[in-house]
1. So, in segment 4-24, how many residues would count as being within 13 Å of Val59 (Cβ to Cβ) and of a type outside the set (Ser, Thr, Tyr)?
2. Looking only at segment 23-44, decide whether some residue is under 30 Å from Ser232 (Cα atoms) and surrounded by fewer than 16 Cβ atoms within 10 Å (Cβ to Cβ).
3. For segment 120-137, indicate whether the set of residues that are open to solvent by 10 Å² or more (accessible area, probe 1.4 Å) and assigned to a loop (DSSP other than H, G, I, E, B) is non-empty.
4. Pairs, please: C-beta under 7 Å, at least 6 apart or cross-chain, first residue over 19 Å from Arg216 (Cβ atoms) and in segment 179-196, second polar (S, T, N, Q) and near the ligand (Cβ under 7 Å from one of its atoms)?
5. What's the number of the only condition in (1) in contact with a helix residue (DSSP H, G or I) (Cβ under 8 Å, 6 or more places away or on another chain); (2) open to solvent by 10 Å² or more (accessible area, probe 1.4 Å); (3) within 16 Å of the ligand (Cβ to nearest atom) that Pro183 fails to meet?
6. Exactly one of these conditions fails for Pro85: (1) open to solvent by less than 10 Å² (accessible area, probe 1.4 Å); (2) at pLDDT 95 or above. Give me its number.
7. Are any residues in segment 15-55 among the acidic types (Asp, Glu) and in a strand (DSSP E or B), and if so, which ones?
8. Could you tell me whether any residue of segment 159-172 is over 22 Å from Leu108 (Cα atoms) and more than 9 Å from the ligand (Cβ to nearest atom)?
Amino acid sequence: MDRRFFTDHPILHDAAQLTGPEAEHLIRVLRGQVGDAVTLFDGSGGEFPARITSLGRSVVDLAVLARHDVCRELATSITLGVALPKGDRQRWLVEKAVELGVSRLVPLIARRGVAEPGQAAVARLGRYVIEASKQCGRNRLLQIAAPLPWEQYCRQADGAASRLLADFGPGAIPLAQLSAPDPTRGVWLAVGPEGGFTDEELAAAADWQRVSLGPRILRVETAALTLAAFFSLQDSVTNVPPGKLGS
Ligand code: SAM
């Protein structure tokens, strides 16, 4: 895969421009030159082979050569609600969620939460999404939703076919015993904060399926990614890339 760069301006014509961190990366880190080939993506599902036509101090102009629609998404859409951990662990969580194909990440506001991201923090998470998408080849961006109080998240998920809450409680079934989801229906996942959900919060999800991830206490990001990986792997069995079928 060529070097990939993201532009948040939809690519509709045979020319495109990179600015901001993407231009910085291409100009200063990779020392791009006029004529170099790169691949652009704009989050619409397409990827665009392109060539650099000019480089300024902080702007790169490119000629767009083609559009290829390349889907690297899961067949099942995953919404991951998670009470975020602190610091660098947020970056790790977002990066891996992108790689595993999660569609939407909702930072949950919970009583025992340790991090309530403000606007700047949400923007930073969005930047991690772009970096991870460049690396793993996704042409649609994982959406970082605005932080949501836990009870509101539960209400939004009302009526969803699959709602799974990572929980140690006695009614929790082992994740491995879950049956494969219907790929045409979305899955909603929830992981509590470092201090766990309160009993009152757990009551708001009384009709969610509780799933156990084993007898060890996992950190928030490990629990979230274990759930996401479970669905991502199921998808890789059913959503075999063309050319691999029957081989
Ligand atoms: N002391 C907290 C408690 O007892 O709930 C530990 C919370 S744990 C660090 C953070 C979240 O990860 C939990 O709220 C739960 O959603 C999820 N989690 C961690 N380990 C788990 C496991 N083994 N099974 C199910 N969920 C788990």
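1. We begin by selecting, within segment 4-24, every residue within 13 Å of Val59 (Cβ to Cβ); these are 5, 7, 9, 15-24.
Next, from what is left, pick out any that are of a type outside the set (Ser, Thr, Tyr): 5, 9, 15-18, 20-24.
Of the residues in that region, 11 qualify.
2. yes
3. No, segment 120-137 contains no residue that is open to solvent by 10 Å² or more (accessible area, probe 1.4 Å) and assigned to a loop (DSSP other than H, G, I, E, B).
4. Filtered contacts from segment 179-196: no entries.
5. (3)
6. It fails just one condition, (2).
7. Our first condition is that a residue be among the acidic types (Asp, Glu); within segment 15-55, this holds for 22, 24, 36, 42, 47.
Matches in segment 15-55: Glu47 only.
8. Yes: one or more hits.
The values are calculated or read from the model by the stated rules, or taken from the named source; none is laboratory data. Keep in mind it's a predicted model, so treat the numbers as computed, not measured. Neighbour counts run over all protein chains shown; Cβ positions are idealised from the backbone, glycine included. SASA here: full protein model, heavy atoms, side chains in, ligands and nucleic acids out. Shrake-Rupley method; radii C 1.70, N 1.55, O 1.52, S 1.80 Å.
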